[in-house]
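Just so it is clear, none of the values below were taken in a lab; they were calculated from the coordinates. Computed from a prediction, not measured in an experiment: that's the story for all the values here. In this analysis, Cβ positions are derived from the backbone assuming ideal geometry, glycine residues included, and neighbour counts consider all displayed protein chains.
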Amino acid sequence: MPASKHSPSDDSAQLADQRLVALYRTMVLSRYLDDRVWMLNRQGKAAIAASAQGHEAAQVACVEATDPSKDHYLIYYRQATAMMALGATPEEMLRGFLAKEGEPMSGARQFPYHGAHPRVDMFNFSNVIATQMPQAAGVALSDKLRGLDAVTIVSFGDGAASQGDAHESMNFAGIQKLPIIFFCENNRYAISVPIDKQMAIDRVASRAAGYGFPGVSVDGTNIQEVYAVTKVAIDRARNGDGPTLIEANVERLLPHTTDDDHTRYRSAEDIEYISQRDPVKITSAFLLSKGLLTEAEDEAIHSDAKKQVNVATATVENEPFAGVEAILENVTERTEPTR
Ligand SMILES: Cc1ncc(C[n+]2csc(CCOP(=O)(O)OP(=O)(O)O)c2C)c(N)n1
């Protein structure tokens, strides 16, 4: 099965106009939060951040095609927008960056966004890339064995796609026909390593052929395209037809993390090129051109997002830091000796 370049043709896989605007709203909110976190790092308040800028459209569209009331999400560190689409709030996320009490995923004891969210079915065990992939295959296997109607969505980068864990989990999922979507956000870089030093083929999606399931490569800046392919993949998984590998081609608009400087390894032309592939600008232009948004409404979306992020920052900055005494909570348990 060669990797296909998908063009959405199935009407049932088209997003309603009002949902497009709602997804755009989440993208803009994520962008403002991301900018704020970067600024808090530069002020010495947030230790490190990995930005989702450039990945926003792919993430909202992927989540939109799923059913958060029953599906499972194994995310990685570059997924702030997906987390927000699933219901994590700017306040909760800022608590992670500022190590404040009440951070829901790990009590602020982990890298931001790491842990498991108690309200939404979203978990990430490790910063070690691709480890979430065999774990996701295990989650999908468990659902299948129990006859549950749930699909597992596991996200990862192009660098993670080269790890042994990626190959092993996709191979296993193909053999077992698991209800799982492998969602690769290909931004062409693993820190400073370009994609042509990661793999000798053009498309990550082509790998699916080796595991016996479809692989689809899409423009990850295009909400409708990503939604359409993910919907098809979700339906396939729910029908018992097995996994799909989706490759959403995106750009990493900022350096790998706040600790990185990508001008050291990306050319000026490449940096100029990626600025043309900003999904927030692309989606805004699309909505305006289709008459789904007016300039005034677009401005209101931006000022509302800015306000939400300002309010969340002011609230969280004034909260106490997570207490040192809580450092071992949920890590060790005191038990009485049995003998
Ligand atoms: C097993 C392992 N090797 C190396 C690292 C260091 N590391 C952290 S992020 C990263 C790059 C991952 O790139 P990619 O999967 O493309 O995701 P992106 O950050 O570009 O979204 C690397 C090599 C790690 N965390 N785990």
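Worth a mention:
- Relative contact order (%) - criterion: Cα under 8 Å, at least six apart; region: the chain: 25
- GNM on the chain, alpha-carbon springs under 10 angstrom: the most fluctuating residue among 290, 177, 231 is 290.
- Reach of residue 307 by Cα under 17 Å, taken over aspartates and glutamates that are not fewer than 8 positions away in the same chain: 34, 35, 91, 92, 297, 298, 299, 317
- Taking a straight Cα-Cα cut-off under 16 Å and skipping sequence neighbours fewer than 8 places away in the same chain, the aspartates and glutamates within cross-link reach of residue 197 are 158.
- Using the Cβ-Cβ distance between residue 325 and residue 167 with R0 set to 35 Å, the FRET efficiency works out to roughly 0.20.
- For region 216-234, backbone nitrogen atoms closer than 15 Å to the point 7 Å from residue 67 Cα along Cα-to-C-beta are found at 231-234.
- Subset of 177/281; 45/306; 45/290; 177/290 violating a 30 Å alpha-carbon distance limit: 177/281; 45/290; 177/290
- For the peptides 195-202, 131-138, 43-50, the ranking by mean Cβ contacts within 10 Å, running from highest to lowest, is 131-138, 43-50, 195-202.
- Cross-link reach is defined here as a Cα-Cα straight distance under 14 Å, omitting same-chain residues fewer than 8 places apart; for residue 144 the aspartates and glutamates meeting it are 71, 241.
- Segment residue 191-residue 263, length gained on full extension (0.36 nm per residue, minus Cα span): 24.7 nm
- Potential extension, residue 288-residue 238 segment - 0.36 nm per residue separation minus Cα distance: 14.5 nm
- Every helix of 4 or more DSSP H residues in the chain counts as -39500 (n - 2.57), and over all residues that averages to -13000 deg cm²/dmol at 222 nm.
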